[in-house]
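This report concerns only the one structure given below.
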Amino acid sequence: MRFRLTDDQRALKQGVRDVLARLFGPGELRAAADAVGPPRLDRTRWRALGEAGLFALCLPERAGGIGLGLPEAVLAFEEVGRSLLPGPTVATHLAAATVPGAATGETVVTSVDGDLVEWLEESDVIHGDTTGATPLRSMDPLTPLHRRYVAAGSRAAGAARVGAAAPLQRGQATPPPPSTDTAAPHTDGTGTTSPRVADLLTAAEQLGTALRVCELAVQHARTREQFGTPIGAFQAVKHLCADMLVRAETARAAVYAAALTATPEDIAAARLLADEAAVRGARDCLQVHGGMGFTWEADVHLHLKRAWVRAARGGGSAEHEELLAADLLT
Amino acid sequence: MDLSYTPAEEEFRARLAKWLGTTLPTLPPKPSPDDWPARRAYDTGWQRMLYDAGYGEVHWDASPTLRLIFLEETEKAGAPYVGANFVGLLHAGPTIAAEGTPGQRERWLGPILRGDEVWCQGFSEPGAGSDLAALRTRAWRDGDHYVVSGSKIWTSHAEVADWCELLVRTDPDAPKHRGITWLAMPMDADGITVRPLRTLAGSAEFAEVFLDEVRVPVANRVGAENDGWRVTMVTLSFERGTAFVGEVVACRRVLAELARTARDNGRWDDPGLRRRLGRLNAEFRALWRLTQWNVSEAEASGSVPGVGGSVFKLRYSHARQELYDTAADVLGTGCLDLDRPWVADRLSSLSYTIAAGTSQIQRNIVAERILGLPKGR
C-alpha cells in the first residue's frame, strides 16, 4: 500500500495548475466576475484546455488521448476546482470518447442534471432532455444555469439524472423524445464505465475549492492585523482555519481512495465529505475575512457560490446518504 | 497512489487471520470492567499469546503497514485490544526503544513485549493538563537517586502498573519546556499513594498519584537530564499517530450493528436517522482512508507519525461521539439503560475530545504547526 502521490502524479498536478494559472489566473477570474451580462464561454481558452489535454486525459492513446486513469483525472479536476475555471468541464471530459471534437476542445458538451443544466446556451452538444428549460438568474456569476420544470414525482420515478443516451445537436429541428434512460453510464474513456464518475469529478473539484479557501483564509489571517496583532494569533480565528484544514484533508483521503476503488459507496462518501469541506470551508473563509468577506471584491463569495452549484449536482446529499445507509445492511 | 498490498503483506494478513481464528476461541471470558487486577491478567495474558506467536513487537517494530494490517485483522476478528498494556506498548516502549540506552532497552522492552510488566503514564498534573509543560512535580538529585515529590492525575492503570513513565521538573529556573526530565519510576517504591478516580461512566479508569520523596535511581532516566520535553514529544507523536487505528475499524463494525438494530426495531423507517447513519458510514470510510494515507506518509518519511495525527485525532474524536449519539437515537429510551450495549460506550466517548490533548489544543497544533499561523492568545 503506497497511498500517496507518485512523482508523476505530483508533476501532473503541478502541470495542470500551471496551465490553469496561465489561462485563468486571478486577473481573468476577476474580469469574469465583474463582466456585465450572462457569462460567455471563452472558446480560445477552451481549445487551449483541449490542447493541454484536460479533456483527453483518460482517452486511450490510440484514440489520440493521454491514456491516464481516474486518479489522474481526479488530481486534474482538483486543480480545476481550485481555479474556479468556468465551463462545463466535467461533462466535456466525460464526452471525450463519444462526442467528436470534445477531446480537443473544439466541441463544448454539457448535460442535463436532474432539473438543472449548466452552460446550456454556450454548449454545442447537450446530453439529456432540455424541453421547457428556462434560464435562471444564476447565483454563481460564472455559471449560467437553466432549470427544467419536472412534474412532481417524476424525478423520484427516474427522470434523467445524468447524461441520457441521445445527444441533442444544437440547431437540430426536431429534438429527440425525452429520454428516461437513467442507466446510461458515463464513460471515463478508459473502458471502465461508471454512472458515478461525474460525482467523483465533482467531488474532486470541491476538494480543490476546500483546499483553496483554506489557503485564502490562512493568508488573510496571517497578514490582517487587529488589536495590534495578526488575527491568526487569536484562537477563535485559528480554530476556524484548523477545522477547514481537517475537513479538507479528510475529504482528500476519501476522494483519492474513491478514485482508486471507483466503488459507488466510496464515491458517495467522497461526494458527501467534499461537498461539506467546500461549502463549510468557503463559509468559514468568508467569516475569517470579516466585513471584507461580504464584499464583491473578495473572491471568497465566488468559491462559495460555485461550491453551492456543484453541491446541487446529482441531486444533493440525500441520495448518497441513502446509498451509504443501505450499504450498512449488506 | 495505490491501495493494494504487497504479496508479503497479504501473506502476513493471511497468517495472522489464521492464527486469530484458532487462538481466539481459547481465550478466557472477558473480566468485569471494574475489576482491574482481572483486567490486567486478561490483557497481559493476551499480550503473552501474541508474543509467543511472534506478534509481540508489532506495535513498534513492524512497518506501519504491517501494524495497520495487524490492527485491522485483530479488530475484525474481535480480539482484545491493548488494554492495560496501552502505555507500555504504545508510549513507554516506543520511547525507550528510540531514546533509551542499550541497557535500558534490555531491562524494560522484553517485559513489556512478554506481558510481564504493565506501565502507566505520569504526565498530567492538576495544574498541568493541556498545558503539560506547566508541570510542577519536583525531582532533585541525592547521590545516584532522584528524589521526587508532587502529584499526578488522570493516570490510567496506576492501580495495577509496575512502572510509571514520569515527567518531573529537574530545573525550576529554566524556561518551562526545558528543565523537564523523563524517568521510569517503579510503582512499588516507598512514598507513592494511588487514589482511584471514578469517571462519569462509573468506572475507575484512572487515578491520582501522590509522590512523597520517592527515590528513583538516576539510571532510570531516559534521555538527558532536562531534555524530557523532547523525549516526550517522541511519545506523543506515537499516541496521536497510530493509537486509534483499531478503534476506527471497531467503529465501522458498531455502525453496521446499529443499522441492523434500527432495521429490527423499526427506527430504520425514519429517513432522518437513515441519512445520519449513511453520513456516518461516509465519515468512518474517510477516517479509514485518512489512516491509510497517514500510514503511507509515515512509511515514506521514517516511522514516527507527524502532526498529521492531530488532523486525524480531531476528526475522529468528534465522529466517535456522533456515532454513539446516533446509537442513542437508535435505542430510543433504551439509551438511558446502562445495561444496553453502546450506552456505556456513549459515556466513555465523552473523554475522546479531552484525553491525549483536547480538541482545542489539537486545533492550535494544526493551526500553528501545519498552517503556520502565529502563536498567541
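For this structure, a couple of remarks:
- Set side by side, the residues A:R10, A:R62 differ, and just one is loosely packed, with under 13 Cβ neighbours inside 10 Å, of a type outside the set (F, W, Y), in a helix (DSSP H, G or I) and within 14 Å of another protein chain (Cβ to nearest Cβ), which is A:R10.
- Among all residues of the stretch A:87-102, there is at least one that is under 20 Å from A:R212 (Cβ atoms) and part of a loop (DSSP other than H, G, I, E, B).
- Selection of the stretch B:366-377 for residues being facing chain A (nearest Cβ under 8 Å) and either among the small types (G, A, S) or touching a residue at least 24 places away in the same chain (Cβ under 8 Å) (or both) yields B:V366, B:A367, B:I370, B:G372, B:G376.
- For the stretch A:245-261, the count of residues that are more than 11 Å from every other protein chain (Cβ to nearest Cβ) and within 22 Å of B:A286 (Cβ to Cβ) is zero.
- Qualifying residue in the stretch A:203-223 (condition: of a type in the set (D, E) and either modelled with pLDDT of 95 or more or closer than 29 Å to A:A251 by Cβ (or both)): yes
- Of residues in the stretch B:175-197 being at pLDDT 95 or above and aliphatic (A, V, I, L, M), the one nearest to B:S348 (Cα to Cα): B:V194
- Checked against (1) in contact (Cβ under 8 Å) with a residue 40 or more places away in the chain; (2) out of contact with any Phe, Trp or Tyr (no Cβ under 8 Å at 6 or more places or on another chain), B:H91 passes all but condition (2).
- Residue check for A:T134: part of a loop (DSSP other than H, G, I, E, B) and either at pLDDT 95 or above or of a type in the set (S, T, Y) (or both): no
- Scope the stretch B:336-348; condition touching a Phe, Trp or Tyr at 6+ places or on another chain (Cβ under 8 Å) and of a type in the set (A, V, I, L, M, F, W, C); matching residues: B:W342
- Residue count for the stretch B:90-134 under the criterion of being modelled with pLDDT under 95, aliphatic (A, V, I, L, M) and surrounded by 15 or more Cβ atoms within 10 Å (Cβ to Cβ): the result is 8.
- Which listed residue is touching an Asp or Glu at 6+ places or on another chain (Cβ under 9 Å), under 24 Å from A:S111 (Cα atoms) and at pLDDT 95 or above, from A:E78, A:E51: A:E78
- Set side by side, the residues A:A32, A:A56, A:A21 differ, and just one is buried (at least 18 other Cβ atoms within 10 Å of the Cβ), in contact (Cβ under 8 Å) with a residue 24 or more places away in the chain and assigned to a helix (DSSP H, G or I), which is A:A32.
- Test: residue in the stretch A:268-288 that is more than 13 Å from A:A210 (Cβ to Cβ), more than 14 Å from every other protein chain (Cβ to nearest Cβ) and of a type outside the set (D, E): yes
- Restricting attention to the stretch A:113-137 and to residues that are surrounded by fewer than 22 Cβ atoms within 10 Å (Cβ to Cβ) and touching a residue at least 60 places away in the same chain (Cβ under 8 Å), the residue that is nearest to A:A56 (Cα to Cα) turns out to be A:E122.
- Of the residues contained in the stretch B:196-207, none is found to be at positive phi and buried (at least 19 other Cβ atoms within 10 Å of the Cβ).
- Checklist (1) small (G, A, S); (2) touching a residue at least 24 places away in the same chain (Cβ under 8 Å); (3) closer than 11 Å to B:L167 by Cβ applied to B:A128, failing item: (2)
- Highlighted here are the strands (runs of 3 or more DSSP E) found entirely within the stretch B:132-220 that include at least 3 residues which are under 16 Å from B:T232 (Cβ atoms): B:145-156, B:163-169, B:180-186.
- Given (1) crowded, with 23+ Cβ neighbours inside 10 Å; (2) part of a loop (DSSP other than H, G, I, E, B), index of the condition A:T110 fails: (2)
- Within the stretch B:257-288, the set of residues being at the interface with another protein chain (Cβ under 7 Å from one of its Cβ atoms) and farther than 21 Å from A:D266 by Cα comprises just one member, B:R263.
Listed here are the residues, each with its yes/no results for (1) within 13 Å of chain A (Cβ to nearest Cβ); (2) of a type in the set (D, E, K, R); (3) under 29 Å from B:V234 (Cβ atoms); (4) buried (at least 18 other Cβ atoms within 10 Å of the Cβ).
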residue: B:G308; (1), (2), (3), (4): yes, no, yes, yes
residue: B:A319; (1), (2), (3), (4): yes, no, yes, yes
residue: B:L331; (1), (2), (3), (4): no, no, no, yes
residue: B:G334; (1), (2), (3), (4): no, no, no, no
residue: B:S349; (1), (2), (3), (4): no, no, yes, yes
residue: B:T358; (1), (2), (3), (4): yes, no, yes, no
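- Scan of the stretch A:233-242 for residues that are at the interface with chain B (Cβ under 7 Å from one of its Cβ atoms) and either under 23 Å from A:R2 (Cβ atoms) or not aromatic (F, W, Y) (or both), ordered by number: A:A233, A:Q235, A:K238, A:H239, A:C241, A:A242
The values are calculated or read from the model by the stated rules, or taken from the named source; none is laboratory data. Just so we're clear, the structure is a prediction, and the values are computed from it rather than from any experiment. Backbone-built Cβ (ideal geometry, glycine too); neighbour counts: all protein chains shown.
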